[in-house]
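Notes follow once the structure below has been shown.
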Amino acid sequence: MPTALRICPLCEATCGLTLTLDGPRVTSTRGDHDDVFSRGFICPKGASFGELDADPDRLRVPLVRGADGTLRETGWQEAFDLVARRLPPLVQRHGADAVGVVLGNPNVHTMAGALYPPLLLGALRTRSLFTASTLDQMPKHVSSGLMFGDAFAIPVPDLDRTDHLLLIGANPLDSNGSLCTAPDFPGRLKALRRRGGTLTVVDPRRTRTARLADRHVAIRPGADAALLAALVHVLYEEGLAAPGPLAEHVEGVDDVRRAVAEFTPEAVAGACDVDAGTIRTLARELAAAPAAAVYGRVGGSTVVHGTLTNWLVDVLNVLTGNLDRPGGAMFPLSATTPAPRPPGPGKGFALGRWASRVSGHPEAKGELPMAALAEEIETPGEGRIRALVAIAANPVLSAPDGDRLDRALGELDFMVSVDPYLNETSRHADVILPPPPPAQSAHFDFAFNNFAVRNQVRHTPAPVPLEPGRMDECEIHARLVLAATGLHGADPAAVDDTAIARTLAKAVTEPHSPAYGQDPDAYAAGLTGRTGAERRLDLMLRLGPYGLTLDRLLEHPHGIDLGPLKPRVPQVLRTRSGRVELLPEPIAADLTRLRTALAAPGDALVLVGRRHLRSNNSWMHNLPSLNRGTNTCTLQVHPEDAARLGLTDGEPARVKAEGGELQAPVEVTDTVRRGVVSLPHGWGHDRPGTRTAVASKRPGVNVNQLLDGTRLDPLSGTAVLNGFPVEVSPAHDDRL
Ligand SMILES: Nc1nc2c(c(=O)[nH]1)N[C@H]1C(S)=C(S)[C@@H](COP(=O)(O)OP(=O)(O)OC[C@H]3O[C@@H](n4cnc5c(=O)[nH]c(N)nc54)[C@H](O)[C@@H]3O)O[C@H]1N2
Ligand SMILES: Nc1nc2c(c(=O)[nH]1)N[C@H]1C(S)=C(S)[C@@H](COP(=O)(O)OP(=O)(O)OC[C@H]3O[C@@H](n4cnc5c(=O)[nH]c(N)nc54)[C@H](O)[C@@H]3O)O[C@H]1N2
Ligand code: SF4
Ligand SMILES: [Mo]
């Protein structure tokens with residue numbers, strides 16, 4: 001049987017897969033042992049690649065809404081004709097901001113999602129942009145933007161060389177890692193322990209990752225900022241704050257000392273439910289390790305003090321001398337990053353350059369909070385969103401208050417979804433443009449190579465040719481750009497040519513660019529690649545720091561190893577000062593909120609999420625091999641809370657919060673700490689009009705229905721999805 005290579009698009013680990021093919025069909029999938037980065041690792045989700053590829057519910061052709069209001073199958077021409085007829089007039093009549101763009105998570109897992117949305121946004125000129133980032137990592141972008149001057153300068157733990165890892169609110173044994181691309185994350189953590197290093201996990205649940213750790217701190221949800229501020233306090237108090245050689249590139253070290261003065265271990269112990277002695281030990285261990293890294297993810301991000309937590313993670317890395325040193329927290333350098341310019345002051349990072357229309361939420365990185373999407377559609381007035389382009393996004397399940405968003409989407413004048421499924425969100429679209437199955441798509445990780453624990457580069461061409469009637473997702477995006485902006489019918493290659501011309505026009509004027517001083521047209525003519533997307537990849541590789549080309553990459557089907565991470569300060573810095581700004585002004589101001597919170601710690605029952613190894617947010621419950629066994633939508637409750645609340649294992653509980661209420665079966669387990677219940681997200685597949693037969697049979701409930709969209713981390717606009725108060729009672733008990 002023939003085999004072909006395909007990088008896995010199903011999580012951030014980016015494992016190389018070997019597919020066995022029977023014609024266009026993927027009959028089995030295993031890890032690629034020769035992959036320079038993943039070396040044969042695969043997880044159950046990757047192993048389901050063939051099943052996902054062949055899912056009979058995947059849309060094969062576009063759907064459009066007819067005059068009778070129902071969706072019917074159609075051809076590509078008719079689908080784009082409809083977009084061209086409906087969208088540009090709406091912009092003309094109501095202005096650019098009347099078109100909302102929603103970008104979901106899989107955009108960072110496709111070549112199309114990396115290359116085209118920026119062009120769509122540039123052409124539409126709308127400020128109504130909402131992405132999964134404000135349900136996820138926006139606090140990290142904001143803290144990096146403020147500290148390093150670049151929202152994408154995100155340090156990752158140097159996993160293979162560190163001696164000590166302090167992991168906050170992340171469960172890589174199930175998630176396989178995030179903002180830290182590391183195929184076989186579990187194996188790398190075990191290797192850390194084998195070489196004598198230590199792992200500390202801070203998580204209100206005793207996760208599989210916590211079970212692997214030397215120390216598990218079962219913190220009260222939402223209190224990490226206070227805990228980390230106290231660690232910083234101890235570093236100063238005990239003379240352990242020592243940025244080392246980095247010191248000459250850091251400003252604000254004394255300001256931070258003053259800013260955390262009140263956050264003594266004793267002052268925060270109650271709020272965190274972590275005793276002061278443990279807090280001092282954590283700080284001392286961090287400072288004493290030859291090389292250590294602090295790393296925080298979703299549980300430190302989608303929380304009430306998300307930006308502060310993410311800032312404190314890197315403050316700790318700086319103050320312990322671990323930022324930018326081997327074994328510490330380092331900045332990767334990907335093959336498609338433009339070749340580094342010389343160090344020096346940059347433009348810095350501005351926050352709140354505009355605000356959302358209804359609630360006045362400040363923009364962050366050009367985005368408005370996903371939690372505010374519904375009100376921006378519902379609320380009349382100038383700038384109201386009347387049309388939506390949703391690409392690889394399912395906010396009805398992934399964002400707060402899906403019922404409200406569901407109703408709001410129904411009020412739109414026009415909606416387009418680029419999505420392989422007819423699901424909770426795309427069912428509202430007037431046009432659904434389905435990308436081909438992943439075996440028919442080429443792959444390159446434009447995003448995740450920037451967060452990889454080793455510099456490396458890999459590209460897999462499409463293992464299987466496009467079936468007749470399919471359109472490559474890059475071409476779908478290019479045609480969408482044309483149709484949405486009045487250029488319908490033009491050659492989609494023009495979209496790529498324009499992007500190439502723009503990039504080159506700039507590059508040839510920059511002395512540090514490999515294209516400096518060259519003729520842009522001649523340079524463009526020398527690019528290789530069969531498609532516009534490939535030519536753009538070739539260009540980015542050529543303009544990158546390693547002098548690569550697409551041809552070189554194709555000669556190395558298992559990838560090219562570019563070596564361990566290297567120090568990048570000061571070159572990586574883009575702040576106005578050209579230095580690391582340790583206490584940016586917006587952060588200093590937000591610390592006041594943390595001090596206030598500390599003064600009034602709540603003891604309400606709170607809810608946190610969880611991810612199962614066999615899940616992927618809202619969209620992989622349609623595979624029989626994943627939607628089974630322990631992958632269930634249960635409410636986990638600690639035995640003592642269960643007894644106190646009268647809850648019985650296996651019986652339904654009623655969960656109530658500010659956004660609504662739901663019922664879920666109780667799972668009594670001491671893996672959650674007291675005072676905390678846990679319900680996973682991405683479930684709730686019981687809405688009518690979808691086409692996901694397997695998921696609909698075992699729908700689960702939508703945890704985000706408990707939220708009303710008003711709880712946000714104010715600096716980043718990120719929804720508080722973890723650590724919000726709930727009331728829980730037996731479902732048969734109607735007192736609540
Ligand atoms: N309560 C709670 N809510 C959460 C979270 C949580 O931890 N707790 N996590 C949040 C996080 S971290 C994230 S990232 C968001 C994710 O939020 P979303 O991005 O809205 O959700 P996904 O479930 O990833 O859905 C992505 C959509 O992309 C489609 N899709 C899949 N593959 C492709 C493809 O190749 N091309 C295209 N065009 N479409 C594709 C799927 O069918 C699906 O409709 O959810 C957030 N919501
Ligand atoms: N199998 C699987 N893998 C995935 C996904 C998936 O849905 N399923 N989704 C992908 C996506 S989009 C992302 S963003 C990544 C996320 O990757 P991770 O961040 O590793 O994923 P989570 O499992 O959400 O881990 C968050 C942890 O934070 C804990 N937590 C909750 N609240 C708090 C708190 O206040 N403080 C602390 N310290 N901890 C808290 C939770 O108990 C949970 O264990 O995973 C990716 N990989
Ligand atoms: S760990 Fe992630 S990238 Fe690797 S096989 Fe599993 S889902 Fe795919
Ligand atoms: Mo995410």
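Below are the figures for this structure:
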| item | result |
| --- | --- |
| Of all DSSP beta bridges in the stretch 604-730, antiparallel share, percent nearest 5 | 70 percent |
| For the chain, with +1 on Lys and Arg beta carbons and -1 on Asp and Glu, the positive-most of Val606, Gly381, Leu119 along the dipole | Leu119 |
| Helical mean residue ellipticity (222 nm; -39500 (n - 2.57) per DSSP H run of 4+; nearest 500) of the chain | -8500 deg cm²/dmol |
| Sites matching chymotrypsin sites (Phe, Trp or Tyr not before Pro) across the stretch 504-602 that sit in DSSP coil, with at most 14 neighbouring C-beta atoms within 10 Å | Tyr516 |
| Gained length - Ala355 relative to Thr27, 0.36 nm times residue gap less alpha-carbon distance | 113.1 nm |
| 13 Å reach of a label modelled at Ala247, 7 Å along Cα-to-Cβ, counting backbone N of the stretch 315-353 | 319-321 |
| Sequence-distant aspartates and glutamates (8 or more away, or on other chains) whose Cα lies within less than 12 Å of Lys347 | Asp150 |
| Efficiency of FRET from Cβ geometry, Lys656 and Gln571, R₀ 41 Å, rounded to 0.05 | 0.20 |
| Two-site label geometry, Ala600 and Arg530: point separation in nm, points 7 Å out along Cα→Cβ | 6.4 nm |
| Computed over the stretch 291-408, Cα set: Rg, Dmax in Å | 19.1, 55 |
| Neighbourhood net charge (14 Å Cβ-Cβ; Lys/Arg +1, Asp/Glu -1) for Ala153 | +3 |
| Solvent-accessible heavy-atom area per residue, rounded to whole Å², over the stretch 604-730 at 1.4 Å | 36 Å² |
| Lys, Arg +1 and Asp, Glu -1 on Cβ, resulting dipole of the chain about Cα centre, debye, nearest 20 | 740 debye |
| Nearest-20 debye value, the stretch 604-730 charge dipole, Cβ charges on Lys, Arg, Asp, Glu | 520 debye |
| Most positive-pole-ward Cα, Leu662, Leu623, Gly675, against dipole of the stretch 604-730 from beta carbon charges | Leu623 |
| Greater than 29 Å apart at Cα, pairs in Lys365/Lys566; Lys190/Lys697; Lys140/Lys697; Lys365/Lys656 | Lys190/Lys697; Lys140/Lys697; Lys365/Lys656 |
| Efficiency of FRET between Ala643 and Thr379 - r from beta-carbon atoms, R0 41 angstrom, step 0.05 | 0.35 |
| Reciprocal of mean inverse Cα separation for the chain (Kirkwood radius, Å) | 26.3 Å |
| Charge dipole (debye, nearest 20) of the stretch 645-709; +1 at Cβ of Lys and Arg, -1 at Cβ of Asp and Glu | 240 debye |
| Among beta bridges that DSSP assigns inside the chain, antiparallel share in %, nearest 5 | 50 percent |
| Within the stretch 620-659: backbone nitrogen closer than 16 Å to the Arg674 label point (7 Å, Cα to C-beta) | 637-646 |
| Loop-resident sites, the stretch 359-414, for GluC sites (Glu not before Pro), counting at most 13 other Cβ within 10 Å (DSSP) | Glu382 |
| Three-way shape label, the stretch 1-54, alpha-carbon gyration tensor, a/c 1.5 | oblate |
| Environment charge at Leu504 (Cβ cut-off 15 Å; Lys +1, Arg +1, Asp -1, Glu -1) | -1 |
| Surface accessible to a 1.4 Å probe, Val701 within the full protein complex, Å² | 40 Å² |
| Separation between Cα centres of the stretch 153-181 and the stretch 330-356, rounded to whole Å | 22 Å |
| Shape category assigned to the stretch 1-106 from the gyration tensor of Cα positions, a/c cut at 1.5 | prolate |
| Simple spin-label estimate for Thr592 and Asp275 in nanometres, 7 Å along Cα-Cβ | 3.7 nm |
| Protection proxy ranking, peptides 150-157, 308-315, average beta carbon neighbours within 10 Å, highest first | 308-315, 150-157 |
| In Hz, Karplus ³J(HN,Hα) per residue of the stretch 570-581 (6.51, -1.76, 1.60; θ = phi - 60°; x = Gly, Pro) | x, 4, 5, 6, 10, 6, 5, 7, x, 10, 6, 9 |
| Shape call, the stretch 604-730: gyration tensor on alpha carbons, a/c limit 1.5 | oblate |
| Low-density loop cleavage sites - trypsin sites (Lys or Arg not before Pro) in the stretch 315-363, where at most 15 other Cβ are within 10 Å (DSSP) | Lys347, Arg353 |
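The values are calculated or read from the model by the stated rules, or taken from the named source; none is laboratory data. Computed from a prediction, not measured in an experiment: that's the story for all the values here. When we count neighbours, we look across all protein chains shown, and the Cβ atoms used for this are built from the backbone with ideal geometry, even at glycine. Calculation scope for accessible area: heavy atoms of the full protein, side chains included, ligands and nucleic acids excluded. Shrake-Rupley method; radii C 1.70, N 1.55, O 1.52, S 1.80 Å.
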